[in-house]
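S.K.: Dropping a structure here in structure tokens format, bear with me for questions.
The values are calculated or read from the model by the stated rules, or taken from the named source; none is laboratory data. Small disclaimer: the values here were computed from a predicted structure and weren't measured. With ideal geometry, Cβ positions are generated from the backbone for all residues, glycine too; neighbour counts draw on all protein chains shown. The protein model used for the area step is the full one, side chains on, heavy atoms only, and it has no ligands, DNA or RNA in it. Shrake-Rupley method; radii C 1.70, N 1.55, O 1.52, S 1.80 Å.
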Amino acid sequence: MRVVVDLSRCQGYAQCAFLAPDAFRMHGEEALMYAPNPDDAQREQVLRAAAACPLQAILVDRPEGRDAPVGTSPS
Amino acid sequence: MSSAHTLRRFRRDGRVVIVGASLAGLRAAEALRGEGFTGSLTMIGDELGEPYDRPPLSKQVLTGWVPADGTTLPRRRGIDAEWLLGVPADGLDLAADQVRLADGRRIPFDRMLIATGVRARPWPVEAEAALDGVFVVRTREDAAGLQRAIAAGPSRVLIIGAGFTGSEIASVCRERGLPVTVAELGPAPLVGGLGAMIGEVAADMQRAHGVDLRCGVKVTRLEGDAQGRLRRAHFSDGGTVDAEVAVVALGGIRNTEWLRDSGLAVGVWGVACDAGCRAFDLNGLVTDDIFVAGDVARSPNPIYEYRFISLEHWANAVEQAEIAAHNMVSTQADRWPHLSIPAFWSIQFGVNIKSVGVPTYADEVVVAQGSVSDRRFVAAYGYQGRVTAAVSFNNAKWLDHYRRLIETAAPFPPPCPTPDQPADAKPVPVDFPGPTLLAQGATVVVTGHDPGERRVTVMRQHR
């Protein structure tokens, strides 16, 4: 699964790190580090973490939203 | 495309081409579909693979936590696009409404979005840049290569340039226990973006974490061995350092060359556009059908006296993409301006650095809250008596407060008493180094950060 956090919005409430510690970690006192590509087995945890973010700064992909490019390299 | 009827038809079966398949391009595509655009959508990108996120490349990826190819951006919705990847756009024919690709194909459009971003500024001497062990960090491949090189445990890593990227990489290397030398032409790290006071804090932070920080020096030569591997770097002060890995972190170059003959207002500054992301042509006329978003855009910001500002900030790419997408499918009366206050973040040496506003748009700076020695404070920036920016070190929860001060042109120094105020909060001059010092390879630079002193200075290259 794919995750991105808008760190401009993030205010370090650490709710995500509490709910999905394998995908979100605090770095120092208030900086968030996250796994952009956590294991699918963590999906429930990550979705719960995204829902709990007071700033709604966590975006998780919608599987039906995938639209993989079929682009080709000419070379 | 002004009549409501024409616009309705365009929204139903028009053709949109987005050049640049990264954060801004992807978010614009999603926003277009979200706005109900059902016509054809073509995404053009010079890299293969799906759009990916860059900030983790200098952080999570280099620590080894996340593989470089694991930063693909999540999707909010399907965008039903045709993807033309692995081939760059090479030209824009405004008369024919066509984008030209490097392989000769011509892609017609009704409206197009330019989101080609910036690329890493390479080491200027090609033979030295080609040495094994010399890296830039911009793409996934760059980050993967550097990650492998630092995982191998080099004897020393040299970082050339102590802006945000260089400082973040220095921080990761120290976390991994690697000896690090940072060479910075300016008087301190981060000084070009945040001024002398914060620069001094950043310098202390680097040294406290064991970085061999050398300021006011230029790397004059990278020396390799017979096998073409980096061995040593030479400095302008006569010093040298032995290093197996060098990271060139000298900022970016805006990807505008492909638009050189397009008739648009493009140059090293980016693509000039209005606050609604519509590109200007060479005459300064706004175009109807060409839009710009992200790092490559340069637009006037009414909050900063309509000065043209380009920003290489993540949130700016997202916001401009959404504004551009909305305006592409809207009538004149329903267009939105891009009015947001710039914001960025950086994580280095265990400290969360965040900023709102435009720190370079300032003549004074004051520590408004907290303590510099504890690395936990907010510095407020002011220009001619009003608040124009704020930077926090491990104190980000206050930035919304300063954002409101900026938006309401509150007086500087900030008036409202806030908790945790230092007893001796005296404004000092902001003191940015002149860009003539920091600019390498520019033909002209805008000098003077005080807006009243801004002039163009011609840079003469001595060889």
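S.K.: Kyte-Doolittle cut-off -0.5, length cut-off 18 Å along the helix's own axis using Cα: show which whole DSSP H helices in chain B pass.
M.R.: Long hydrophobic helices here: B:191-208, B:314-328.
S.K.: Hull surface divided by four, with the convex hull built on the Cα atoms of the protein assembly as shown: how many nm²?
M.R.: Orientation-averaged projected area of the Cα hull: 25.2 nm².
S.K.: Just to be sure I understand: if you take the accessible area of chain B alone plus chain A alone and subtract the pair, with a 1.4 Å probe, what total do you get in Å², rounded to 100?
M.R.: 3300
S.K.: Here is a further query. In peptide B:85-91, what is the residue-averaged number of other protein chain Cβ atoms found within 10 Å of each Cβ?
M.R.: 2
S.K.: Kindly write out, for the range B:382-387 in residue order, the coupling ³J(HN,Hα) from the Karplus curve 6.51 cos²θ - 1.76 cosθ + 1.60 (θ = phi - 60°), rounded to whole Hz, with x marking Gly and Pro.
M.R.: x, 10, 6, x, 10, 6
S.K.: Roughly how many debye, to the nearest 20, is the charge dipole of the protein assembly as shown about its Cα centre, given +1 on each Lys and Arg Cβ, -1 on each Asp and Glu Cβ, and no other charges?
M.R.: The calculation lands at about 200 debye.
S.K.: Here's another thing I want to ask about it. Kirkwood Rh over Cα pairs of the range B:120-252 into Stokes-Einstein at 10 °C, 1.306 mPa s: D in µm²/s?
M.R.: 109
S.K.: On to the next question. For the range B:120-252, what relative contact order do you get, as a whole percent, if you take Cα pairs closer than 8 Å and at least 6 residues apart?
M.R.: Relative contact order of the range B:120-252: 33 percent.
S.K.: Go through the range B:76-157 and name the GluC sites (Glu not before Pro) that are in a DSSP coil and have 10 or fewer other Cβ atoms within 10 Å of their Cβ.
M.R.: Here no loop site has a sparse enough neighbourhood.
S.K.: What average number of partner chain Cβ atoms lie no more than 10 Å from the Cβ of the residues making up A:34-41?
M.R.: 5
S.K.: Excluding ligands, DNA and RNA, what is the solvent-accessible area per residue of the range B:266-397 at a probe of 1.4 Å, expressed in Å²?
M.R.: In whole numbers, the range B:266-397 has 31 Å² accessible per residue.
S.K.: Using mean Cβ contacts within 10 Å as the protection proxy, how do B:146-158, B:336-348 order, highest first?
M.R.: Averaged packing, sorted descending, gives the order B:336-348, B:146-158.
S.K.: For chain B, which whole-number percentage of the solvent-accessible area (1.4 Å probe, protein heavy atoms only) is attributable to carbon and sulfur atoms?
M.R.: Of all accessible area on chain B, carbon and sulfur atoms account for 50 percent.
S.K.: Return a whole-number percent for the relative contact order of chain A, with Cα pairs under 8 Å and 6 or more residues apart as the contact set.
M.R.: 39
S.K.: Please find the FRET efficiency linking residue B:384 to residue A:43, where r is the Cβ-Cβ separation and R0 is fixed at 41 Å, and quote it to the nearest 0.05.
M.R.: 0.20
S.K.: Quick check on chain B: take the gyration tensor over C-alpha atoms, sort the square-rooted eigenvalues as a ≥ b ≥ c, and tell me if it's rounded (a/c under 1.5), prolate or oblate.
M.R.: Since a/c reaches 1.5 but b/c is at least a/b, the shape of chain B is classed as oblate.
S.K.: Across the residues of B:52-62, average count of Cβ atoms on other protein chains within 10 Å?
M.R.: Across the residues of B:52-62, the mean count of other-chain Cβ atoms within 10 Å is 3.
S.K.: Assign unit charges at the C-beta atoms only (+1 for Lys and Arg, -1 for Asp and Glu), then state the dipole size of the range A:2-61 relative to its Cα centre in Debye, rounded to the nearest 20.
M.R.: Here the size comes out at about 100 debye.
S.K.: Quick check: pseudo-label points 7 Å beyond the Cα along Cα→Cβ at residue B:65 and residue B:208, how many nm apart are they?
M.R.: Taking the two extended label points, one gets 2.1 nm.
S.K.: Also: May I ask you to list the residues of the range B:340-370 whose amide nitrogen lies under 16 Å from a point 7 Å from Cα along the Cα→beta-carbon direction of residue B:176?
M.R.: B:349
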